[in-house]
1. Check segment 142-162 and report whether any residue there is modelled with pLDDT of 90 or more, closer than 30 Å to Pro58 by Cβ and β-branched (Val, Ile, Thr).
2. I'm trying to understand the selection: among the residues of segment 98-128, which are over 20 Å from Met175 (Cα atoms) and in contact with an Asp or Glu (Cβ under 9 Å, 6 or more places away or on another chain)?
3. Quick one: which of Arg128, Arg91, Arg43, Arg95 is surrounded by fewer than 18 Cβ atoms within 10 Å (Cβ to Cβ), in contact with a Pro (Cβ under 8 Å, 6 or more places away or on another chain) and modelled with pLDDT under 95?
4. Could you run through segment 49-69 and say how many residues are closer than 17 Å to Phe109 by Cβ and either modelled with pLDDT under 85 or touching a Gly at 6+ places or on another chain (Cβ under 8 Å) (or both)?
5. Return a yes/no flag: does segment 12-32 have any residue that is polar (S, T, N, Q), under 30 Å from Leu120 (Cα atoms), surrounded by 16 or more Cβ atoms within 10 Å (Cβ to Cβ) and at pLDDT 90 or above.
6. So which of Ala148, Ala137 is surrounded by fewer than 17 Cβ atoms within 10 Å (Cβ to Cβ) and over 30 Å from Arg6 (Cα atoms)?
7. Is it fair to say Phe7 is over 21 Å from Thr110 (Cβ atoms), of a type outside the set (A, V, I, L, M) and buried (at least 16 other Cβ atoms within 10 Å of the Cβ)?
8. Answer yes if at least one residue in segment 206-224 is modelled with pLDDT under 80, surrounded by 17 or more Cβ atoms within 10 Å (Cβ to Cβ), on the phi < 0 side of the Ramachandran plot and over 21 Å from the mean Cα position of the chain (by Cα), and no otherwise.
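The values are calculated or read from the model by the stated rules, or taken from the named source; none is laboratory data. Predicted model only: the values in this text are computed from it and were never measured. When we count neighbours, we look across all protein chains shown, and the Cβ atoms used for this are built from the backbone with ideal geometry, even at glycine.
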Amino acid sequence: MSDPLRFLLRALVFLALMLALWWLVLLNPLLAGLRLSAELTLRLLPGGSSVSHVTIGPDRNWTFQVPAPAAIVNQEKTQQMLGAAAAGSGRIKIRSMKVEGAARFPILFTVSLPLYWAILLAAPGHRRLLRMASGTAVLATFALLSIAVYAIRLVGGYFQLTTEGLPGFLTDSAMYLAVGVVPYLAPVLVALSLDGELRGLILAGEAAPAAAPTVSAAPRRRYRR
């Protein structure tokens, strides 16, 4: 059996084990850590230190409470949406707003972790601990960026800012990458970039054979009669 085939079989076994571990044991802690990181990031926004919150409901749906930018709130289109004309009391002022997102997207943003762990556990060689920690940190950062893109998409959709034109194209492209590309491709690229032996196995098609020791032959003496 060739080395790439052995790696593929090991990867499938570890993938089944890691997905089961992720779904049954690690998903809720991962979502809790992602929620805390997202909330701390939102609090870095102007005016977000006191109003920004992220909560996860019993159905695992996410609710983002974010500061409402005054420049957007004061726009005529936004004021009409908020009902200022119907209220007849001038402009409506709001400090923050809440938007709710579906649970499947934050869950999807964490699936790259068990995929990466399975690839690395199936890879040849030893000393995987540092590569495991480094890759996990990189993928966790990608998950946080994906949550940020998702929150921007929700807020922009609420204010009808990202439905057309260049903002719509940029937001749709970022959301497509966060949902359809990063969770599946990032684990492979991170594993290949951090593991030289795996990179050689995948790109060269087989593991590099061990170098045979070279034995120098002693020169023969010629005797004259």
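1. yes
2. If the condition is that a residue be over 20 Å from Met175 (Cα atoms) and in contact with an Asp or Glu (Cβ under 9 Å, 6 or more places away or on another chain), then Ile119, Leu120, Ala123, Pro124, Gly125, Arg128 are the ones that fit.
3. Arg95
4. Of the residues in segment 49-69, 4 are closer than 17 Å to Phe109 by Cβ and either modelled with pLDDT under 85 or touching a Gly at 6+ places or on another chain (Cβ under 8 Å) (or both).
5. Taking every residue of segment 12-32 in turn, none turns out to be polar (S, T, N, Q), under 30 Å from Leu120 (Cα atoms), surrounded by 16 or more Cβ atoms within 10 Å (Cβ to Cβ) and at pLDDT 90 or above.
6. Ala148
7. Judged against the criteria, Phe7 is a match.
8. yes
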